[in-house]
Amino acid sequence: MTTETDPIRLSINTIRMLAVDAVEKANAGHPGMPMGAADYACLLWLKYLRYNPSHPNWPNRDRFVLSAGHGSMLLYALLHLSGYDLPLDEIKNFRQWGSRTPGHPEYGRTPGVEATTGPLGQGFADGVGMAIAAKMMAQRFNRPDFAPVDHHVYAIVSDGDLMEGISSEAASLAGHLKLGNLIYIYDDNQISIDGETKITFTEDVAKRFEGYGWHTERIDGHNHAQIQKAIENARAETARPSLVLARTHIAHGAPSKQDSSESHGAPLGAAEVKATKEALGWPLEPKFLVPDSVRKLFADRAATLEKEFRAWSDGLARWRKNHSDLSTLWDQHWERSVPKDLFTNLCSNPPKMPNATRSISGELQQRVAQAVPSLIGGSADLETSTKTRILGAPSIQPENFAGRNIAFGVREHAMGGILNGCALYGSFIPLGSTFLIFSDYMRPAIRVAALSRLQVIFVFTHDSVFLGEDGPTHQPIEHLASLRLIPNLTLVRPADPLECAAAWQIALSRKNGPTAICLTRQKVPAIERDASVSTQDILKGGYVATEAKKGSPDAVLLATGSELHLALAARKELLTQGIDVRVVSMPCVELFAQQSDGYREKVLPKDIPAAVVEASRGDLWYKWIGVRGLVIGIDHFGESAPDHVLAEKFGFTTSNVTKQVSEWLRNRSA
């Protein structure tokens, strides 16, 4: 048995050795960070963190985010010891196919994992979003007789997290909002993959965060008295977020690889494992040892926390009786409930046309906000342009979190991560908006949202070259195609009020993934559909907007968004040439792909030539129209000019579409 007798230190060494054994068995992973962070992480979980393994989604639990996701074995060891549904066999299967212990933590795969982390900086921003959500919930529901929300958000962040720009953006906003419920521990081990951080990262991190408005404190990350005092000081600081800068030694306890980059992303190796265990007084066998006294220590902590959970549950029950209106609202938030008749409501009394789809969507959003109290919104300093402000509600500020709008400032990347954190918190449907071109800044966060299956709504306006005079720096060309490539992201590009209503219905009903709604800056005309088209057809992602005059069309002309009216106008011109086409609107390719083979074949028959009109790169459309299909799009950067001039120069006119389609059909039959 181990020679260590102090139960706390024994627990810390257990965490270290579980990480070492798991990485060694997998022959892959990052043992150094868990070994170095084990002291403060173990003390945090045993003395301060509020959780309940039997009720992992307890609304008032403390959130713990391992932003330094490469150190995932630290989190897995803590979850296993704390009693979460993560058996020792899962630790032994670290990084293996089908295990609940993947290389980086994944939300939804492992009980107790609060966020998918690994892309550095994302977890940092997630935690800020969680803290904002907690503040908003506390403002809404806490009352003198009971406070349903009074917890903290903790995270462990690394050098890499703090080097990534998203963390600077998120930290700046967190400081502005004075998020006193946010406590981060910076694992300052001064080692990165390529060596000591002094080759790239020599700034004074404490001064930087003090400049952001954070409370900071430097400690020895292996000194237990300093660790506990720093956490207590951070918990006592209610007017500022806190950063505890813990100076640690990567691979702490490894005789040859401590303070070495060799331990950052590779197993220690058999000889070093043996030497480490001997140095720590740890038995060489069995591997994956968890001493009984360690299990008892964590079980005792879980029993104490169970009492806190039951006291909270009893308090909530009394609070519900005393505040029935708030009780109903509380459930609406956590269920993210949407009225069954909302889509019908959105389709009735549509906004006037012609109009920009950003304005149409903005009007509809106000109806959504009235019906869905869990909807909150924000923009990257573009609220007046994206039309996404929830009217009648203020923007949250340090002195008041009762609002429903978040002013993110010019911080697109952090906005994406913070939206993810708000969604991960569980009680909000968050919305964030900017110009489509700036989705480039947000792509990592959008991808994580899709991977994590989060209900986040991204509203992107100015969705094509037709935003006009701002020129090619602001005119998206490849962005629709690029976003469509992200698995589990649904993109909707509506053409008019009915399709905008469908976009909102799709986004609000998608509980297991994000939605991007792409909208125009320029006004578009009203759409004339066949009378047979139902609103339910639109929810299928693609539908026949106007059928050919004869039974079988000569071709199918497919379009999205602001080009739908162009396709309809070209259809009329083609008829004068004896060419009878069907016009298909496809606001959402992803939903159309989910329809039955029969439905898709009915809308886009394989034996009928098909052409696409969309002011974007069109490469992905060949999947639907075949290699002999025609794409009328744009595969080059734009120009600075009014939208009508750009339409003429780039061929998005009725006459040009008509000409291209007729010539294409003629060449096909030649």
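The values are calculated or read from the model by the stated rules, or taken from the named source; none is laboratory data. Worth saying up front: this structure is predicted, and the values here are computed from it rather than measured. Backbone-built Cβ (ideal geometry, glycine too); neighbour counts: all protein chains shown. These accessible areas exclude ligands, DNA and RNA; they are computed on the full protein's heavy atoms, side chains included. Shrake-Rupley method; radii C 1.70, N 1.55, O 1.52, S 1.80 Å.
With the convex hull of its Cα atoms as the shape, segment 21-101 has an orientation-averaged projected area of 5.5 nm².
First measure r as the distance between the Cβ atoms of Asp341 and Glu469, then evaluate 1/(1 + (r/R0)^6) with R0 = 45 Å and state the FRET efficiency to the nearest 0.05. My answer for the efficiency is 0.60. Only one residue of Ser192, Trp97, Met137 has its Cα farthest out toward the positive end of the dipole of segment 83-192, where Lys and Arg carry +1 and Asp and Glu -1 on Cβ, and that residue is Met137.
Of the two radii for segment 601-670, the radius of gyration is 1.01 times the Kirkwood radius, both from the alpha carbons; that is the Rg over Rh value.
Seen against the Cα atoms of the chain and their longest principal axis, helix 497-509 is set at about 20 degrees.
Fully extending the segment from Ser596 to Tyr622 would add 7.4 nm, taking 0.36 nm per residue of separation and subtracting the current Cα-Cα distance. Multiplying the residue separation of Leu575 and Ser348 by 0.36 nm and removing their Cα-Cα distance gives an extension gain of 78.5 nm.
Across segment 486-546, Cα-Cα pairs more than 12 Å apart make up 70 percent of the total.
By DSSP, the beta bridges lying fully in the chain are antiparallel in about 15 percent of cases. In a reduced charge model with +1 at each Lys and Arg Cβ and -1 at each Asp and Glu Cβ, segment 344-454 shows a dipole moment near 260 debye about its Cα centre.
Remark on segment 329-391: Rg and Dmax equal 12.9, 40 Å (Cα only). Here the calculated FRET efficiency for Lys229 and Ala28, from their Cβ-Cβ distance with R0 = 56 Å, stands at 0.90, rounded to the nearest 0.05. Between the residues Cys347, His264, Gly253, the greatest Cα displacement towards the positive end of the dipole of segment 214-363, with unit charges on the Cβ of Lys, Arg, Asp and Glu, is found for Cys347. Relative to the dominant Cα principal axis of the chain, helix 122-141 is inclined by about 90°.
Relative to the longest principal axis of the Cα atoms of the chain, the long axis of helix 292-322 lies at roughly 50 degrees.
Between Ile199 and Glu306, the simple label model (points 7 Å from Cα in the Cβ direction) yields a spacing of 5.1 nm.
Ordering Ala77, Pro119, Trp330 by Cα displacement along the dipole of the chain toward the positive end leaves Trp330 in first place; charges were set at the Cβ atoms of Lys, Arg (+1) and Asp, Glu (-1).
Legend: translational diffusion of segment 38-175 by Stokes-Einstein, Rh = Kirkwood radius over C-alpha pairs, 4 °C, 1.567 mPa s; D = 82 µm²/s. Taking other residues whose beta carbon is less than 12 angstrom from the beta carbon of Gly417, and scoring Lys, Arg as +1 and Asp, Glu as -1, yields -2. Considering only protein heavy atoms and a 1.4 Å probe, what is the carbon-and-sulfur percentage of the accessible area of the chain? Looking at the chain in its full context, I get 49 percent from C and S. Surface analysis of the chain yields an accessible area of 38 Å² per residue, using protein heavy atoms and a 1.4 Å probe. Answer with a single label: of (1) 52, 28, 26; (2) 51, 27, 22; (3) 43, 30, 25, which was calculated as semi-axes √(5λ) of the Cα gyration tensor in Å from the structure in view? Checked against the structure: label (2).
Amide H contacts of Val459 (H built 1.01 Å from N, in plane; Pro and chain starts excluded): Gly432, Ser433, Thr434, Ile517 sit under 5 Å, all sequence-distant by 5 or more or on other chains.
Rolled with a 1.4 Å probe across the full set of protein chains, the surface gives Trp282 an accessible area near 10 Å². The solvent-accessible area of Glu663, taken with every protein chain present and a 1.4 Å probe, is close to 70 Å². Note on Glu528 and His644: with the Förster distance fixed at 22 Å, the Cβ-Cβ geometry gives a FRET efficiency of about 0.55. Here the dipole of the chain is about 1480 debye; that uses its Cα centre as origin and unit charges on the Cβ of Lys and Arg (positive) and Asp and Glu (negative). Evaluated with a Cβ-only charge set (Lys, Arg +1; Asp, Glu -1), segment 562-670 carries a dipole of roughly 380 debye about its Cα centre, given to the nearest 20.
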